[in-house]
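> Take this structure first; my questions come after.
The values are calculated or read from the model by the stated rules, or taken from the named source; none is laboratory data. Everything numeric here is computed off the predicted structure, so don't read it as measured data. Note: ideal-geometry Cβ built from the backbone for every residue, glycine included; neighbour counts use all protein chains shown.
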Amino acid sequence: MRRLMYEAQRALASPVRNPRMATVIGRLLGAAFLICFGTGLYSHFLQEPLGWMRFATRPEFLYQVTQGTHIVAGIACFPLLLAKLYIVFPDLFAFPPVRGLVHFLERASIALFVGASVVQITIGLLNTYQWYPWPFPFRQVHFALGWVLIGLLVIHIGVKLPVITRYWSTSSPSDDHLVDAVSGDRSANAEAVRLWGLSRPGGVTRRVLDYIDATPRAESRVSRRGFLTTVGVATTAVVGLTAGQTFTPLDAVNLFGPRKKGVGQQGVPVNRTSEQAQVADAALAVSWVLTLAVGGTERSFTRDELLALPQTSVRLPIACVEGWSQMASWRGVRLRDLADLMDADPETSFRLISLEERGSFSKTQMGREYVRDPLTLVALELNGETLNLEHGYPARMIAPGRPGVLQTKWLSRIEAI
Amino acid sequence: MRADAKGSPGVVGVGGTGLNPPPAGIPASTSRRMRGIRLVLVGIGGLLLAWGAFVMLDSVRLTRLPGVALWIAAAIVLHDAILAPVVFALGIALRRVGRRATGTVIAIVQGGIVVGSIVSLVAVPTIVAKNFAPVNASVLPLNYGLNLGIFWLVLAVVTVGLSVGAFLRWRQPVAAFPDDSGR
């Protein structure tokens, strides 16, 4: 077994598989993980704020940027993670497999790290396609795995710190081998015999190993430059060909983004349809009113009554947790004006209630910083037309810097909390 | 003999035991500080990991957790037992086929295949997902199959072009480029 593990490591040896490369790619991957974690936490707390939390409402495209970055960094993790795993793969064949409790924990943590990372970026990507082929809830698992991964990342950095510091700078040696005693040259075979008295196994195994040995070795400098160039090009390609869904300058090369700018009713993509939300009847009913409740008083507005109030036009992006965003023109009544009409205290937060009865975002909360913001509207028009049913007719919220799921569509009731 | 004793001097195995003493030649004070920092990092990481486990247990129904574990295990198997060996075999095959070519050409062809594969990894699920009765026309609105075909075509042209260029440069004697002597 020892001999076989040794042969595996020797066969896998490559100029690319060295600790300097592991450090270089590991840094980038670690940075991408931290960016995903930070932007993910921000998005999470926007949706489920702790009581004391207040959020910035400017710049109004803030959430578009943080969540667009979350998805871009997540997509960049595909080439970076595969590159990192490629570099350290020979490590899998370490012998003996376990050298004690600490070594066992280290290897177990790495196994979990690898598995959880692959799952995290995969379910994240497929979520942007609205495709859920797994037997567990996406949001909860993605959030919990975020904490798990960041914990494993910190542990990993702690464990590998001597390697990381040794190979951090550009002047560090790039010819060291990742795995002990694996130099890949032919004399290594003789060395194995000398060290352990273990000769190469016979039969098919021997023929496979001889075949691998007879394969020309790659040139070091060319392999390393080729590897880094490949990782760079692959990362640029997956990011560049998808990021157009949020980053307008790349719209023209948006070949693989799950959304396209301008595609959707009134030029704006839709996340949840009226059919999914089962609101069409209630939303199109002539009896629809928007009810405001502040303190003990309630007041209902028909759509015509809302249109008769002073109207404000704003340009705000709608930005989704799935990473796409779309700038649009909205027109409607300032929420602040409605609150003042009801004599609401300026410190009050509001609860927004949709006609939708089942969805997880049918009731959401809006902190006072958004309620008092002059850009926050009860929108009645989109891009110069009456709001389409798919965009929340008769009335929806639009506020600066909030995720799309909180821009409540098919508004029914607004309550002071 | 312990496995980590067999290395040549100066070689640090990335797979080395977690909290082993650092390599010789580093002052004791540095190594003590290093050890301290590492312990703190592992401790903080352990707390974050525990919190993540708690969040998982707290927010996901118990009957769903085996599914999460299964997916994580499957991801490890998928990479370690399928993807990595396939990549290894392809690398061997490419180096043998290209034994008459320069390393640069092999690196370019290899790079082209890898870039195409990774882009396909992201793009193919869009084609599959699109078939699951899209309830919403603004999700996955593009013709991803066609786009992927165009991408591979452009990639193939660029890869072949670069390879031919590299191959010709390699075959040409250096003296044929007197103007390049300054490089």
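> Within segment A:97-118, identify whether any single residue is surrounded by fewer than 21 Cβ atoms within 10 Å (Cβ to Cβ), in a helix (DSSP H, G or I), under 13 Å from the mean Cα position of the chain (by Cα) and facing chain B (nearest Cβ under 7 Å), and answer yes or no.
Looking for residues that are surrounded by fewer than 21 Cβ atoms within 10 Å (Cβ to Cβ), in a helix (DSSP H, G or I), under 13 Å from the mean Cα position of the chain (by Cα) and facing chain B (nearest Cβ under 7 Å), one finds none in segment A:97-118, hence no.
Yes/no per residue for (1) surrounded by 14 or more Cβ atoms within 10 Å (Cβ to Cβ); (2) touching a residue at least 24 places away in the same chain (Cβ under 8 Å); (3) more than 16 Å from A:Thr408 (Cβ to Cβ); (4) not β-branched (Val, Ile, Thr):
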| position | (1), (2), (3), (4) |
| --- | --- |
| A:Val268 | yes, yes, no, no |
| A:Asn271 | yes, yes, no, yes |
| A:Val279 | yes, yes, no, no |
| A:Val286 | no, no, yes, no |
| A:Thr291 | yes, yes, no, no |
| A:Gly296 | no, no, yes, yes |
| A:Ser300 | no, no, yes, yes |
| A:Glu305 | no, no, yes, yes |
| A:Ala308 | no, no, yes, yes |
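> Can you say whether A:Pro133 is at the interface with chain B (Cβ under 7 Å from one of its Cβ atoms) and surrounded by fewer than 21 Cβ atoms within 10 Å (Cβ to Cβ), as far as the supplied structure shows? Please lay out each step first, then the result.
Details: at the interface with chain B (Cβ under 7 Å from one of its Cβ atoms): no; surrounded by fewer than 21 Cβ atoms within 10 Å (Cβ to Cβ): yes.
The answer is no for A:Pro133.
> Determine whether B:Ala93 is at the interface with chain A (Cβ under 10 Å from one of its Cβ atoms), among the small types (Gly, Ala, Ser) and closer than 26 Å to A:Gly240 by Cα. Reasoning before the result, please.
On the way: at the interface with chain A (Cβ under 10 Å from one of its Cβ atoms): yes; among the small types (Gly, Ala, Ser): yes; closer than 26 Å to A:Gly240 by Cα: no.
Here the answer is no, as B:Ala93 does not meet what is asked.
> Anything in segment A:231-265 that is free of Cβ contacts under 8 Å to residues at least 24 places away in the same chain and over 22 Å from A:Tyr129 (Cβ atoms)? List them, or say none.
A:Gly232, A:Val233, A:Pro249
> Collect the residues in segment A:14-40 that are over 14 Å from A:Phe227 (Cα atoms) and part of a loop (DSSP other than H, G, I, E, B), keeping them in residue-number order.
Within segment A:14-40, no residue meets the criteria.
> Based on this model, can you work out whether A:Leu62 counts as buried (at least 19 other Cβ atoms within 10 Å of the Cβ), modelled with pLDDT of 95 or more and farther than 30 Å from A:Phe350 by Cβ? Working first, answer last.
Details: buried (at least 19 other Cβ atoms within 10 Å of the Cβ): yes; modelled with pLDDT of 95 or more: yes; farther than 30 Å from A:Phe350 by Cβ: no.
The answer is no for A:Leu62.
> Continuing with the same structure: Look through segment A:312-322, keep the residues that are touching a residue at least 40 places away in the same chain (Cβ under 8 Å) and more than 25 Å from A:Glu357 (Cβ to Cβ), and return whichever of them is nearest to the chain's Cα centre (by Cα). Talk me through it step by step, then tell me what you get.
Let us first name the residues in segment A:312-322 that are touching a residue at least 40 places away in the same chain (Cβ under 8 Å), namely A:312, A:314, A:316-322.
Restricting the remaining residues to those that are more than 25 Å from A:Glu357 (Cβ to Cβ) gives A:312, A:314, A:316-317, A:319.
Working: A:Thr312: 34, A:Val314: 29, A:Leu316: 23, A:Pro317: 19, A:Ala319: 14 Å.
The qualifying residue nearest to the chain's Cα centre (by Cα) is A:Ala319.
> Of all the residues that make up segment A:202-238, how many are more than 7 Å from chain B (Cβ to nearest Cβ) and assigned to a helix (DSSP H, G or I)?
Going residue by residue through segment A:202-238, those that are more than 7 Å from chain B (Cβ to nearest Cβ) are A:202-211, A:213-214, A:217, A:220-221, A:224-225, A:227-228, A:231-232, A:235-236.
Next cut, assigned to a helix (DSSP H, G or I) only: A:203-211, A:213, A:220-221, A:224-225, A:227-228, A:231-232, A:235-236.
Adding up the residues that qualify gives 20.
> Quick one: in segment B:110-141, which of the residues that are among the hydrophobic types (A, V, I, L, M, F, W, C) and within 17 Å of the chain's Cα centre (by Cα) is farthest from the other protein chains (Cβ to nearest Cβ)?
Taking segment B:110-141 first, the residues among the hydrophobic types (A, V, I, L, M, F, W, C) are B:113-115, B:118-119, B:121-124, B:127-129, B:132-133, B:135, B:137, B:139-140.
Of the ones still in play, those that are also within 17 Å of the chain's Cα centre (by Cα) are B:113-115, B:118-119, B:121-122.
Numbers: B:Ile113: 9, B:Val114: 5, B:Val115: 5, B:Ile118: 4, B:Val119: 5, B:Leu121: 6, B:Val122: 5 Å.
Checking each candidate, the answer is B:Ile113.
> Which of the following residues is more than 17 Å from A:Phe301 (Cα to Cα) and of a type in the set (A, V, I, L, M, F, W, C): A:Leu377, A:Leu355, A:Leu382?
Details: A:Leu377 fails: more than 17 Å from A:Phe301 (Cα to Cα); A:Leu355 fails: more than 17 Å from A:Phe301 (Cα to Cα).
Residue meeting the stated conditions: A:Leu382.
> Right, here's the next one. Filter segment B:78-98 down to residues that are closer than 30 Å to A:Pro135 by Cα, among the small types (Gly, Ala, Ser) and surrounded by fewer than 14 Cβ atoms within 10 Å (Cβ to Cβ), then give me how many there are. Let's see the steps before the verdict.
Keep residues of segment B:78-98 that are closer than 30 Å to A:Pro135 by Cα, which gives B:78-87.
Now drop any that are not among the small types (Gly, Ala, Ser), which leaves B:81, B:84.
Filter again for surrounded by fewer than 14 Cβ atoms within 10 Å (Cβ to Cβ), leaving B:81.
Selection size over segment B:78-98: 1.
> Right, something else. Look through segment A:211-237, keep the residues that are surrounded by fewer than 15 Cβ atoms within 10 Å (Cβ to Cβ) and of a type in the set (Ser, Thr, Tyr), and return whichever of them is farthest from the chain's Cα centre (by Cα).
Only one residue tops the list, namely A:Tyr211.
> Test of understanding: among A:Phe256, A:Phe247, which residue is out of contact with any Asp or Glu (no Cβ under 8 Å at 6 or more places or on another chain), at pLDDT 95 or above and facing another protein chain (nearest Cβ under 10 Å)? Quick ask: steps written out before the conclusion?
Values: A:Phe247 fails: facing another protein chain (nearest Cβ under 10 Å).
Residue meeting the stated conditions: A:Phe256.
> Still on this structure: Of the residues A:Glu415, A:Glu356, A:Glu369, which single one is part of a strand (DSSP E or B) and touching a residue at least 40 places away in the same chain (Cβ under 8 Å)? Quick ask: steps written out before the conclusion?
On the way: A:Glu356 fails: part of a strand (DSSP E or B); A:Glu369 fails: part of a strand (DSSP E or B).
Unique residue meeting the criteria: A:Glu415.
> Given the structure, is A:Pro269 within 24 Å of the chain's Cα centre (by Cα), at pLDDT 95 or above and not in a strand (DSSP E or B)?
yes
> Determine which member of the set B:Ala107, B:Ala75 is at the interface with chain A (Cβ under 8 Å from one of its Cβ atoms), under 18 Å from the mean Cα position of the chain (by Cα), surrounded by 16 or more Cβ atoms within 10 Å (Cβ to Cβ) and modelled with pLDDT of 95 or more. So that I can check it myself, show each step before the final result.
Working: B:Ala107 fails: modelled with pLDDT of 95 or more.
Of the residues listed, the single one that is at the interface with chain A (Cβ under 8 Å from one of its Cβ atoms), under 18 Å from the mean Cα position of the chain (by Cα), surrounded by 16 or more Cβ atoms within 10 Å (Cβ to Cβ) and modelled with pLDDT of 95 or more is B:Ala75.
> Another question about this same structure. So if I check each of A:Pro173, A:Pro162, which one is surrounded by fewer than 18 Cβ atoms within 10 Å (Cβ to Cβ) and either touching a residue at least 60 places away in the same chain (Cβ under 8 Å) or within 7 Å of chain B (Cβ to nearest Cβ) (or both)?
Result of the check over A:Pro173, A:Pro162: A:Pro173.
> Which condition from (1) in a helix (DSSP H, G or I); (2) more than 14 Å from chain B (Cβ to nearest Cβ) is the one that A:Leu292 breaks?
Among (1) in a helix (DSSP H, G or I); (2) more than 14 Å from chain B (Cβ to nearest Cβ), the lone unmet condition for A:Leu292 is (1).
> Of (1) surrounded by fewer than 24 Cβ atoms within 10 Å (Cβ to Cβ); (2) not in a loop (DSSP other than H, G, I, E, B), A:Asp343 satisfies all except one. Which?
Result: A:Asp343 passes all but (2).
> Right, B:Ala50: among the small types (Gly, Ala, Ser) and over 26 Å from the mean Cα position of the chain (by Cα) or not? Let's see the steps before the verdict.
On the way: among the small types (Gly, Ala, Ser): yes; over 26 Å from the mean Cα position of the chain (by Cα): yes.
Here the answer is yes, as B:Ala50 does meet what is asked.
> List the number of the failed condition for A:Ile87; all other conditions in (1) outside any helix (DSSP H, G or I); (2) over 27 Å from B:Leu57 (Cα atoms) hold.
So A:Ile87 meets the others, but not (1).
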